[in-house]
Each structure stands twice: as C-alpha cells, then as structure tokens.
Amino acid sequence: MTNTLYSLDALGTPLAFFLALLIGSGFGFALERAGFSSSRRLAGVFYFTDMAVLKVMFTALITAMLGLSYLVALGWVRLENIFLMPTIYGAEIVGGLLFGVGFVMGGWCPGTAAAGLAAGRMDALVFLLGAIGGSVLFNELFPVIGPLMTAGDRGVQMAYENLGMSRKAFALVFTLVAVAAFWLAEWAEKARMGRGPYLGSPFLKAFSVALIAVAAGLFVLPGGGAGMGQGAPAASDEKALLAKVDQAGDHIEPEDLADRLMAGDPDLVVVDVRPVSEFGAFHIPGAINVALPELADALQPHRNKGTIVLYSNGMTHPAQARDSLQRQAFDNVYLLTDGLQGFRDRCLKPVSLRTEPLSAAAAARVTAWRAFFSAPAVSAKAGVAAAPASSTKPRAIETDRLAAQLGASSIKIIDLRPQPEYNTAHIPGSLSLNVESLRGNVEGVPSMLLPTPMLAAQFSLLGLNPSDTIVLVPGDKFHDANLAGMAFERLGHLNFAVLNGAYAKWDQERRPTDAALPAVTPSSFPALRDADRFTVGYRTVASGLGKPAPVIIDVRPSDFFSGKKSDEARAGHIPGALNRPYTEDVVAGTNKVVTFKPLDALAAAYARMIPSRDTEVIVHCRTGHQASQTYFVLKHLLGYSNVRWYDAGWTEWAARRELPIVNEAQVENPAK
C-alpha cells in the first residue's frame, strides 16, 4: 500500500510544497492550453457557445474517479489515506451560489483567473483582487456568518452509499453520464454555433468506448465494496458521533491536557500520529508515537478504558482517525483542540510574548506548564533511575549530579532533616522543611497529607516557583523525601528529585556545606486543579476486595502485617493484601547512607507480585509515610502506570470496625 503525504501528515513539508508547485504549474499549463485563459470562452458554457469547461471538468472528474477506484481496488491506496471533503450543506449552498454568480458575471474562477493572469489578462487580475477583498470581508464578517461553516454538517457523504449502490456500479453510471455529457456538449455547440468538431467523430466514439470499458473493468477487480473499505457504519453510530461533535464532546483543550499530564494521570493515553521523524524532533512529553494504520491494534488495550487523546500538527488526521476508531467501537477517543500548534501557543508560549493580558493565576499556570514540558531536568545516574535529559518526571539524583549543578537558580534544594541538624550544616542554598508540617488531621484522620491550598501556601512561603527543579534531601528517614514528593505531586509539580544516599552520602563524600540561611522571596506557588488522582480512600480499597485487581500492597514491617505487633485499634491487615516492607526497596550502608536498590532487582521483585505494568496497585502503610516510598519506586522508578496511594492506611482501616481484617497471629494462637 502507498502512503500519501496526507496520510503521513506531511503536507507542510518542503517535499509537499515542491510537489504542489509542480502539479499546480502543470495544471495551470493544461488550463491555458485548453483555452481557460479567456473569460469569454469560460463564460461561453452558460450560452452554449463554448462547452470546453464542461468537457474539461468531466474529463478531470472521470480520470480522477476511475484512477482512484483502480488504486483502491488493487489495494495500492486506501480511501482513509486521502482527504475526503465533508458535506456541509449550509456552506456549500451559499458558497456555490456566490461562486456561480461570480463565474457568470466575470467568467473566472480563482484557478482559471490565475491561469488568465499568467497569460496577461487584466480582467483576471481584477477578479483575483476581488477574491482577496472577499476573503478580507469574510474575515471581518466571520462572527456573523461563521455558523454557516458547520450548518448542515453531515460529515463525509459517499454518493454511492446514499444511492444504495456499490462504488463500482456508481463509477460505471457516472462514466455513462459523462460520455452522454460529451456528446450533448458537441450537439449544443453545433446547434448554437454551427460547429461541433467531434460530434460523431471516430475520436469521440473511441474515447467514449474506452471510458466505458475502463469503468466496466472495475467489476473484474476484487475489493471496492459498498463502504469505504470497511463497510458502511450504522446510522445510529454516525448520529451518536455527530452529536458528540456538535456538543464539542470529542475535544480536549490543551490546558486540560497539560494539567492532567503534569498530574501524572494514569488513565490518560496521549498519541502522536505524526511521522517518526517529526515525533523525534519534538513531541508532547508522555505521548507515544503510533502510525495511523497501526492505531487500532496499538490502542486495543485502552479501548473504552480511560481517555485516549490523538494529536498531530493539525486536526484533520486525528479527526479521521477518531472517526475510524469510533466505527471500531472506541468510545473514549478525543482530539487535542488545535493540535500540537495549539498546545504550543496556549501552554508553552512565554507570558511575555502573548498579546492578551493574563491574570496572575493564569500566568502562574503558564509558567508551570513551561517548566514541566520545556525545562531541562536534573539527570539521574545511569542504572539507578535514569531519565532523559528533557524529562521532568520524579526521579532519583546522585550526589555528583547535584554537586555539578549547585548554585543554579532553577534548582531549589529542600533539606528535610530536623532543624538542629540543618542549622549545624547543610548543602549550600538549601531550605529547611519539617516534613511533618505537610501533614495534619483531615476529617478526623490524623497524619494525613494536607489539602492542596495549605500545601501551596507552605511552598509559597519557601519562595518556590513552578519553574523550579526541586531536590529533596532526607536525613535518617529516607522516605521523608518521598512523603514531601507526594505533596508536590498533589499540586501537580512533578519536576522533583530525591537525593539518592540522603544527606549522609553528601557529608560522607565531604562535599561543600555551610550554615547560612538563604534569602527567600515569598512566591505564589500554583495549585493545579484535580492534580491528585492517585490518593484513594477506604471505600475505594474496600470496593476492590475479592477481585483480581487491584493488587493491594501493605508496606509495613511483617510483624505488623501478620498481627504479631500492633500500634493501632486492631492488628492484622486488609484481606487479600500482599506484604513487602518498604525497607526492602533500599540498601542501608554505613554512616546512615541509604540508597535505592538497583532497578533490575526492584523490577524482578515487584514482577512477582504484580501481573503487569498497567495493573492497578494500591499501596498503604500505617499513615501513608512509608507507602510514599513504595509509590515512588513503582510509579517513577519502575514505570507502573496505575499506582494509587491509600494515605489514611491502617490507622483508618483498623479504627473502622465495619471493615474486615485478617489477623494471622490470632489464627495461629487463638488464645491471644
């Protein structure tokens, strides 16, 4: 099968421009040779004095129709790879009337006027200037006449389907109509002007027989059924799709997509359908690249699960791909409004370059988007938590990498050790933060991560900005950094890293420290709407009991999991939960140096517990603190896509007497 420039979304490339110039020049030459550089001759069709327009038009239509029909029947080209004009009755009726009146009055259409101008016809120049003036007028009147663009929109309408015919039969009938038109045109010229050079001539007879034979030859070839290669879709499905389009329910705005990507939405699949070379040059971080012919197969695991967003440079290809997927029972496919260019203009364009004024909150959102999608990130050490240089996903960072970028204005270091230790010595420029200040009593449950506005207020007092790369430096409790990371994730700020080895490794390597308190200018740290899609409550956990998924992982020490020890209202664990203590994900070295285990070891361990990378997983501990580390390992180091965090954990579950538990220690020793 031959891929067209349209199917490759390459109409904006230099090759496409060159081919358009070449074809346009050839088309203009053919028009001029056919006499289309004369307005008198063009207008002659309305007076039956010169039928060249009709003859050329039908010749072009028949050539295109039969040529395309053969290419489709032979399997060399798919109709899905060709732009098919939608039927929009309002625009076509009004536009057709204006075009027809202009043609009758001036004898020119835009294409023939260009050919006439090339031949030195001044009336063609006047017509083209009028067309330009009309375009300007259209632009000015667009708020009034804009609704005509979609009035009576019926999508792509195939004439043969509406007539209940096969494509082959329609091609033959239309060819017969064209042949008849050729003969009638010759007869009209002879009756009106006394001349019909081809009427009854051997050439016209041979030409007519040849066209009919070629059209009939389609019946010998396979393929070319009633539909567009896949059969006609049900009318009810098409109506549902059109209703969705009419209500703009098939689009997702760039701002909403940016927020969901920053929040790490596990239910979001962003698909770039451009050529591989363009995808490699630039794409929306987090997007995957899928060729159009492979789209349905690649997205099958996500059919009607979560949200699929298609984008390209424009919206034509994603729209056609969405329609195709809709006909294949995909009901969760959306288009990115205005495509990649719209995403750049609305989310990535600097505030200073925008023509419209933005509020402080909107400017902060833009700054956050630019930081997330554009800013270079701190790299991780290869083999530990490697990430591309352009990635802004949470990760681990080694001390040597941090030391190399120490002092950079875009990097903010947060020291999570107790204040006396921070006051004694800390990494130069680092800010002190008590991780417990990020937690409090929420709806009666103690030690819960605070709501979004309270977290944003704290980070604002620290002078943090959305464009900052945050490096979290833990002390004795390595998982303090992961709990702080959960606070940033709740706000939608994923550009943070955990210092692998903690402060102890930095100090052991005798890297620079000081005791100075850095100057801080309070900021306005933004809180992205609905960024937290990963925190779940007890109802969500309880609803999954007894089902294959989700996989519940209790990261408390094994004695607390089994019920031998307890520091809550009841001992034991959630029915069906698996136990992997959070301490098994790290290596405790000498002098309090704690580092993550190698990725291959972590991957192998969790592969034995979790069926696949997209299986839903819920992690919990007693108060969410230890489980934040397991969440970080699964989600950000190993790439599990569907990880949830039960913050309230065993503290809440044990206190709610209506919730079931399993106490293995009690089963083993009933007397207890």
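Screening Phe103 with (1) over 27 Å from Glu186 (Cα atoms); (2) at pLDDT 70 or above gives one miss only, at (1). Among the residues making up segment 609-663, those that are aliphatic (A, V, I, L, M) and more than 37 Å from the chain's Cα centre (by Cα) are Ala654, Ala655, Leu659, Ile661, Val662. Taking the criterion of being closer than 19 Å to Arg556 by Cα and in contact with a Gly (Cβ under 9 Å, 6 or more places away or on another chain), the only residue of segment 580-594 that qualifies is Val594.
Scan segment 273-292 residue by residue and report those that are surrounded by 15 or more Cβ atoms within 10 Å (Cβ to Cβ) and either in contact with an Asp or Glu (Cβ under 8 Å, 6 or more places away or on another chain) or farther than 21 Å from Tyr640 by Cα (or both).
Val273, Arg274, Pro275, Glu278, Phe279, His283, Ile284, Ala287, Asn289, Val290, Leu292
As a summary of the residue check, Leu310 satisfies the conditions (1) in a helix (DSSP H, G or I); (2) under 10 Å from Val273 (Cβ atoms) except for the one numbered (1).
Which one is surrounded by the fewest Cβ atoms within 10 Å (Cβ to Cβ), of the residues in segment 521-530 that are under 23 Å from Met486 (Cα atoms) and not charged (D, E, K, R)? Of everything passing the filter in segment 521-530, Pro522 is surrounded by the fewest Cβ atoms within 10 Å (Cβ to Cβ).
For segment 102-150, taking the residues that are in contact (Cβ under 8 Å) with a residue 12 or more places away in the chain and of a type in the set (S, T, N, Q), the one that is surrounded by the fewest Cβ atoms within 10 Å (Cβ to Cβ) is identified as Thr150.
Inclusion of Leu129 among residues that are touching a helix residue (DSSP H, G or I) at 6+ places or on another chain (Cβ under 9 Å), in the same structural domain as Leu204 (by TED's automatic domain parsing) and in a helix (DSSP H, G or I) is not warranted. When you look at Arg533, is it over 17 Å from Ser430 (Cβ atoms) and either of a type in the set (D, E, K, R) or modelled with pLDDT of 95 or more (or both), yes or no? Spelling it out, Arg533 is indeed over 17 Å from Ser430 (Cβ atoms) and either of a type in the set (D, E, K, R) or modelled with pLDDT of 95 or more (or both). Inside segment 578-588, residues that are touching a residue at least 60 places away in the same chain (Cβ under 8 Å) and outside any helix (DSSP H, G or I) make up a count of 1.
One residue stands out in segment 493-520 among those that are at positive phi and part of a loop (DSSP other than H, G, I, E, B): the one that is surrounded by the fewest Cβ atoms within 10 Å (Cβ to Cβ), namely Arg510.
Residues are listed down the side, and each one gets a yes or a no for (1) modelled with pLDDT of 75 or more; (2) not in a helix (DSSP H, G or I):
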position: Leu8; (1), (2): no, yes
position: Phe17; (1), (2): yes, no
position: Ser37; (1), (2): no, yes
position: Arg40; (1), (2): no, no
position: Val45; (1), (2): no, no
position: Asp50; (1), (2): no, yes
position: Val56; (1), (2): yes, no
position: Ala64; (1), (2): yes, no
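Scan segment 252-265 for residues that are at pLDDT 85 or above and not in a helix (DSSP H, G or I) and the total you get is 2. Taking every residue in segment 266-290 that is assigned to a loop (DSSP other than H, G, I, E, B) and pairing it with any residue that is modelled with pLDDT of 75 or more and among the hydroxyl-bearing types (Ser, Thr, Tyr), at least 6 positions away or on another chain, the pairs with Cβ-Cβ distances below 8 Å are Pro266/Ser641; Asp267/Thr307; Val273/Tyr311; Val273/Ser312; Arg274/Ser312; Ile284/Tyr311; Ala287/Tyr311.
The values are calculated or read from the model by the stated rules, or taken from the named source; none is laboratory data. Keep in mind it's a predicted model, so treat the numbers as computed, not measured. So basically every Cβ, Gly included, is an ideal-geometry build from the backbone, and we count neighbours across all protein chains shown.
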